[in-house]
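Quick notes on the structure that follows.
The values are calculated or read from the model by the stated rules, or taken from the named source; none is laboratory data. Owing to the predicted nature of the structure, the values given are computational and were not obtained by experimental measurement. Virtual Cβ from ideal backbone geometry, glycine too; neighbours counted across all protein chains shown. Accessible surface is based on the protein model in full, side chains and every heavy atom, while ligands, DNA and RNA are left aside. Shrake-Rupley method; radii C 1.70, N 1.55, O 1.52, S 1.80 Å.
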Amino acid sequence: MDLICPICGSKLNTFDKSLVCSGHHCFDIARQGYVNLLTVQQKHSLHPGDTREQVLSRRAFLEAGYYAPIAEALIAAAKELTVNSNEIRPSGELLDVGCGEGYYSARLAGALGMRLTGMDISREAVRCAAGKYKNGLWLCATASHIPVADGSAGTLTSLFALTLPEEFRRVLRKDGLFFQVLAAQDHLLGLKSIVYDRLIYKQKDSTPALPGLRMLESREIVFPFTLEGAQVQNLLAMTPHLFRMGRAGAQRLAETRVLHDTASCILNIYQAL
């Protein structure tokens, strides 16, 4: 995948243990194997994205297999996609935007035999991904300025992360595929009923129209799971409810030893026009 300099937009080339552009901007490859392409101007805080504690909580939760049905559904959809009785297969290189610690995209790339580039605004997340998954190139970067050349990605994924259709369409080649996973309205009602005094239902578009992309298919992913002990807090740490709940909700969850809940997600598949 052709990487571009986040400062001047020139192509980045590997030189020794760095990525360097024709404008002489240089980005070192960290010893863990990732590259920080997030410039100071692109940061909205000193340490944007998930903290190390959040990343480790997510890894502990995902590696325990609780969300394995999501990874399995993503792989199955990529292998079984048909439109008007014609098979469509992901091809080219895979770009995961908002990759976190790499759980989903490393498995998808491995199952499809694709080269992988994963990126996340959290340096702790890509550091964690690079340390475990050696089948990918891991970048610290922002989704609003993806450091990838136009049309470089054959397949793009964004799971429980921001969707920026104009930027996604730019980096996707024509007819490239975009796999999007969104939390449905009734996702994690068990957790929500504990951390909030009352549930407020807001209208949510689970199959959004995206400019430059046409929807090929939408699938529901719904499954129950049960957590015990520390995994209850690990689940909380990987959701936005960690920052939205009040003190009373946090106390109730701290006292929860067993949580029975249901994951409810939407997998949307788009194709670049």
Check your understanding: If you take the residues of region 21-56 that are of a type in the set (A, V, I, L, M, F, W, C) and either under 20 Å from the mean Cα position of the chain (by Cα) or open to solvent by less than 40 Å² (accessible area, probe 1.4 Å) (or both), which of them is nearest to Leu116 (Cα to Cα)?
Key -> Val35
Revision key, fill the gap. Residue hits (region 117-144; more than 13 Å from the chain's Cα centre (by Cα) and either closer than 19 Å to Ala30 by Cβ or modelled with pLDDT of 95 or more (or both)) are Arg123, Glu124, Arg127, Cys128, Ala130, Gly131, Lys132, Tyr133, Lys134, Asn135, Gly136, Leu137
Check your understanding: Could you list, in sequence order, the residues of region 90-116 that are β-branched (Val, Ile, Thr) and modelled with pLDDT under 95?
Key -> none
Review point. Does Ala161 satisfy the criteria of being open to solvent by 20 Å² or more (accessible area, probe 1.4 Å), among the aliphatic types (A, V, I, L, M), assigned to a helix (DSSP H, G or I) and modelled with pLDDT under 95?
Key: no
Review point. Has region 203-223 got at least one residue that is among the small types (Gly, Ala, Ser) and over 30 Å from Val83 (Cβ atoms)?
Key: no
Point to revise | Criterion (touching a helix residue (DSSP H, G or I) at 6+ places or on another chain (Cβ under 8 Å) and either over 22 Å from Gln54 (Cα atoms) or buried (at least 18 other Cβ atoms within 10 Å of the Cβ) (or both)) met by exactly one of Ala73, Ala130, Ala111 | key: Ala111
**Study point:** Scan of region 205-241 for residues that are among the polar types (S, T, N, Q) and without any contact (Cβ under 8 Å) to a residue 12 or more places away in the chain, ordered by number
**Key:** none
Revision key, fill the gap. Only one of (1) among the hydrophobic types (A, V, I, L, M, F, W, C); (2) modelled with pLDDT under 95; (3) open to solvent by less than 70 Å² (accessible area, probe 1.4 Å) does not apply to Ile200, and that is (3)
Exercise for review: Give region 164-179 a look and list any residue that's open to solvent by 70 Å² or more (accessible area, probe 1.4 Å) and either under 23 Å from Lys11 (Cα atoms) or of a type in the set (Lys, Arg) (or both), or say none.
Suggested key: Glu166, Arg173, Lys174
